[in-house]
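S.K.: Let me give you the structure first, and then I'll get to my questions.
The values are calculated or read from the model by the stated rules, or taken from the named source; none is laboratory data. Since this is a predicted model, take the numbers as computed values, not measurements. No Cβ is skipped: glycine too gets one built from the backbone with ideal geometry, and neighbour counts run over all protein chains shown.
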Amino acid sequence: HAKRLGGDRQEVFRPILRPLGRNVIDLEGDLRKAIKDGELDVYYQPIVRLADQSVAGFEVLSRWKHPKRGQIAPSEFIPIAEQSGLINELGLYVLTRSARQLAEWQDKIRTPAPLFVSVNISSRQLLRHDLINEVKAILSRSRIAPGTLKLELTESIVMANPEYSAKVLERLRALGAGLSLDDFGTGYSSLSYLQRFPFDTIKIDQSFVRPNGRSARPVILRSIVALGHDLGMAVVAEGAEGESDALELLQLGCEYAQGYFFGEAMSADEATAYIRKTYEAQPA
Ligand code: C2E
Ligand code: MG
Ligand code: MG
Ligand code: MG
């Protein structure tokens with residue numbers, strides 16, 4: 001063992017790691033400041049009913065416009081937020097903002113069924129005990145229809161710690177939060193966990209909706225949709241980019257879809273206009 005330790009120690013001085021490390025550290029400081037200064041923004045991507053293309057709700061997606069570097073993708077800053085612990089602050093900010101927005105929509109715009117928002121939760125947030133208290137506080141101080149503030153978690157997040165996750169998810173559901181299983185199909189091969197967690201919605205990953213080779217698509221999609229429905233869940237297809245995607249999903253019995261065909265993530269004002277366009281279209 002002593003020998004291995006000595007060997008490993010050299011790794012620390014590998015110079016190639018330094019520029020990358022510095023970049024991450026810079027961004028971490030900038031991100032901390034961005035959260036404090038409200039530089040981070042909350043965007044909303046429509047999730048529509050395929051039958052009539054009416055908006056059912058929105059996925060909440062964080063956006064960061066860095067003063068010098070411009071737009072930075074969540075795939076870059078969310079991992080930094082996770083590693084540094086800033087995700088707790090960021091997550092609470094996103095949850096609070098989007099719950100307030102949802103309450104306002106439900107209060108001001110008449111829709112046949114209450115709109116929902118679906119907020120991404122990272123693994124560190126789920127493992128932190130305060131999440132339950134935060135969700136409880138948010139739900140108790142705003143009038144939001146039960147189940148319409150949804151939390152989105154991936155398979156890999158819940159499966160990293162299945163017993164603990166199951167307990168936390170049960171409590172969140174008891175508080176009135178909705179639960180969506182994100183990126184379905186990309187994680188584990190066993191499906192038994194689907195019944196272990198109280199998800200009400202599954203979101204089919206983009207890779208099944210727009211696979212590289214299209215030949216197997218209908219068979220797999222149809223099976224996932226049937227599985228979700230048999231388990232009493234709503235099914236959302238992610239990444240519908242074209243009209244043909246939307247038509248095919250509808251024919252396969254999928255109720256909901258999200259993707260560039262229906263709209264990209266947009267500001268709260270744009271989302272409000274999007275809802276009004278669906279539900280308050282005035283005759284000319
Ligand atoms: P996700 O939760 O699976 O979100 C869906 C991603 O697919 C979004 O990327 C969205 O813009 C993109 N997308 C939607 N429709 C289409 C389409 O038709 N075609 C294609 N090619 N892409 C589409 P985005 O906004 O870059 O977010 C990436 C990931 O970052 C998210 O994946 C989520 O895991 C994470 N993320 C974003 N915001 C937050 C947040 O506030 N908190 C946490 N914990 N994670 C976040
Ligand atoms: Mg998501
Ligand atoms: Mg997803
Ligand atoms: Mg994803």
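S.K.: Scan the strands (runs of 3 or more DSSP E) fully inside the range 53-148 and keep the ones with 2 or more residues being polar (S, T, N, Q).
M.R.: 116-120
S.K.: Continuing with the same structure: Consider the range 96-122. How many of its residues are away from ligand 1 (no atom under 16 Å from the Cβ), closer than 17 Å to D269 by Cα, at pLDDT 95 or above and not aliphatic (A, V, I, L, M)?
M.R.: Within the range 96-122, residues that are away from ligand 1 (no atom under 16 Å from the Cβ), closer than 17 Å to D269 by Cα, at pLDDT 95 or above and not aliphatic (A, V, I, L, M) number 5.
S.K.: A follow-up question, please. All but one of (1) in contact with a strand residue (DSSP E or B) (Cβ under 9 Å, 6 or more places away or on another chain); (2) away from ligand 1 (no atom under 16 Å from the Cβ); (3) among the hydroxyl-bearing types (S, T, Y) hold for S207, so report the exception by its number.
M.R.: (2)
S.K.: Across the range 98-143, which residue is farthest from K277 (Cα to Cα) among those that are within 16 Å of the chain's Cα centre (by Cα) and without any contact (Cβ under 8 Å) to a residue 40 or more places away in the chain?
M.R.: Checked the range 98-143; the qualifying residue farthest from K277 (Cα to Cα) is Q125.
S.K.: Something else now. Restrict the check to the range 74-87 and report whether at least one residue is modelled with pLDDT of 90 or more and more than 24 Å from I157 (Cα to Cα).
M.R.: No.
S.K.: Also, quick follow-up: Suppose we keep only residues that are touching a helix residue (DSSP H, G or I) at 6+ places or on another chain (Cβ under 8 Å) and farther than 24 Å from Q195 by Cα within the range 233-248. Which one would you say is farthest from ligand 4 (Cβ to nearest atom)?
M.R.: E248
S.K.: Looking at (1) β-branched (V, I, T); (2) farther than 26 Å from G263 by Cα; (3) crowded, with 17+ Cβ neighbours inside 10 Å, which one does V219 not meet, given that it meets all the others?
M.R.: (3)
S.K.: I need every pair where a residue in the range 53-65 that is touching a residue at least 24 places away in the same chain (Cβ under 8 Å) has its Cβ under 6 Å from the Cβ of a residue that is surrounded by fewer than 23 Cβ atoms within 10 Å (Cβ to Cβ) and in a loop (DSSP other than H, G, I, E, B), sequence separation at least 6 or different chains.
M.R.: Sorted first by the residue in the range 53-65, then by its partner, the pairs are G57/L115; L61/A265.
S.K.: Could you pull out the residue among E248, E270 that is charged (D, E, K, R) and under 26 Å from E104 (Cα atoms)?
M.R.: That would be E270, the only listed residue that is charged (D, E, K, R) and under 26 Å from E104 (Cα atoms).
S.K.: Do we find that T201 is modelled with pLDDT of 95 or more and of a type in the set (V, I, T) in this structure?
M.R.: yes
S.K.: Moving on to the next point. I'm trying to understand the selection: among the residues of the range 172-197, which are away from ligand 3 (no atom under 16 Å from the Cβ) and surrounded by 15 or more Cβ atoms within 10 Å (Cβ to Cβ)?
M.R.: Result: L172, R173, L175, G176, A177, Y193, L194, F197.
S.K.: Next question, about the same structure. Only residues that are more than 19 Å from the chain's Cα centre (by Cα) and not aliphatic (A, V, I, L, M): list them for the range 144-160, please.
M.R.: none
S.K.: Next question. Which members of the range 275-284 meet the condition of being under 16 Å from L115 (Cβ atoms), without any contact (Cβ under 8 Å) to a residue 24 or more places away in the chain and either of a type in the set (V, I, T) or outside any helix (DSSP H, G or I) (or both)?
M.R.: Within the range 275-284, none qualify.
Yes/no per residue for (1) touching a residue at least 60 places away in the same chain (Cβ under 8 Å); (2) among the small types (G, A, S); (3) surrounded by fewer than 17 Cβ atoms within 10 Å (Cβ to Cβ):
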position: D245; (1), (2), (3): no, no, no
position: L252; (1), (2), (3): no, no, no
position: Y256; (1), (2), (3): yes, no, no
position: G259; (1), (2), (3): no, yes, no
position: A273; (1), (2), (3): no, yes, yes
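S.K.: Next question. Here is a list: V209, V158. Which entry is aliphatic (A, V, I, L, M), under 20 Å from V48 (Cβ atoms) and within 16 Å of ligand 4 (Cβ to nearest atom)?
M.R.: Residue meeting the stated conditions: V209.
S.K.: In addition: Kindly indicate the residue of the range 123-155 that is of a type in the set (S, T, Y) and crowded, with 19+ Cβ neighbours inside 10 Å and also farthest from ligand 4 (Cβ to nearest atom) among those meeting that condition.
M.R.: T148
S.K.: Okay, next question. Select, from G253, G263, G232, G239, the only residue that is part of a loop (DSSP other than H, G, I, E, B), at pLDDT 90 or above, under 24 Å from L149 (Cβ atoms) and away from ligand 2 (no atom under 16 Å from the Cβ).
M.R.: G232 is the lone residue from the list that is part of a loop (DSSP other than H, G, I, E, B), at pLDDT 90 or above, under 24 Å from L149 (Cβ atoms) and away from ligand 2 (no atom under 16 Å from the Cβ).
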